[in-house]
Amino acid sequence: KGSSAFASLPAVSSATVGDVYNITDAFTTTADFIEGAGGSYTAGTNIVCVDSDGAGTKKWDVLAGFVNLSGYVQASEMVAITPTEINEICV
């Protein structure tokens, strides 16, 4: 459907199942979300309107958000391993 500030998002009850929005500002989920209230997401997160129970109850579902990968090893921190070391691991 396009991009929207969280405060300007239409009520989930008036959305159509399958409507996808890119939220342009950081937001905290409400009870209108599958996950419930209190989830924090950054600007650029995508959400979709879904039938949450198969009976027509609509909720928003977060499709994607920012994933902080800073705790993972960076390529610059990797050290080459020798064939001998590989053989030792595989034995």
If amide hydrogens are placed 1.01 Å from N in the peptide plane, which non-local residues have theirs closer than 5 Å to the one on residue 44? 23, 24, 25
Suppose the chain between residue 13 and residue 85 were pulled fully straight at 0.36 nm per residue; how much longer would it get relative to their current alpha carbon spacing? 19.9 nm
Local charge sum around residue 13 (other residues, Cβ-Cβ under 11 Å, Lys/Arg +1, Asp/Glu -1)? +1
From the phi angles alone, apply the Karplus equation (6.51, -1.76, 1.60; θ = phi - 60°) to region 81-91 and give each ³J(HN,Hα) in whole Hz, x where the residue is Gly or Pro. 10, 8, x, 4, 5, 4, 4, 5, 5, 7, 8
All other residues with a Cβ under 15 Å from the Cβ of residue 50 taken together, and with Lys, Arg as +1 and Asp, Glu as -1, what is their net charge? -3
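Compute the Rg to Rh ratio over the chain from the alpha carbon atoms, using the Kirkwood formula for Rh, and round to two decimal places. Intermediate values should be presented prior to the final figure.
On the way: Rg = 20.7 Å, Rh = 15.8 Å.
Computed over Cα atoms, the ratio is 1.31.
Does region 1-53 classify as rounded, prolate or oblate by the C-alpha gyration tensor (a ≥ b ≥ c root eigenvalues; a/c under 1.5 gives rounded; else a/b over b/c gives prolate, otherwise oblate)? Could the numbers behind the result be given before it?
Working: a/c = 1.77, a/b = 1.14, b/c = 1.56.
Oblate.
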So who's got an amide H within less than 5 Å of the one on residue 58, skipping anything under 5 residues away but keeping other chains? H placed 1.01 Å off N, in plane. 52
In Hz, Karplus ³J(HN,Hα) per residue of region 30-40 (6.51, -1.76, 1.60; θ = phi - 60°; x = Gly, Pro): 10, 5, 7, 9, 3, 6, x, 7, x, x, 9
Looks like region 51-91, by Cα gyration tensor root eigenvalues a ≥ b ≥ c and the a/c under 1.5 rounded cutoff (else prolate when a/b is bigger than b/c, oblate otherwise), is oblate
Taking the Cα-to-Cβ direction at residue 67 and at residue 35 and moving 7 Å from each Cα, how far apart do the two end points lie in nm? 1.3 nm
Only bridges with both residues in the chain count here: give the DSSP antiparallel percent, nearest 5. 75 percent
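Any read-out appearing in this document is the output of simple, stated calculations on the displayed coordinates, not a laboratory observation. Values in this document were obtained by computation on a predicted structure and should not be read as measured data. A quick note on method: Cβ atoms are made from the backbone with ideal geometry, for glycine too, and the neighbour counts reach across all protein chains shown.
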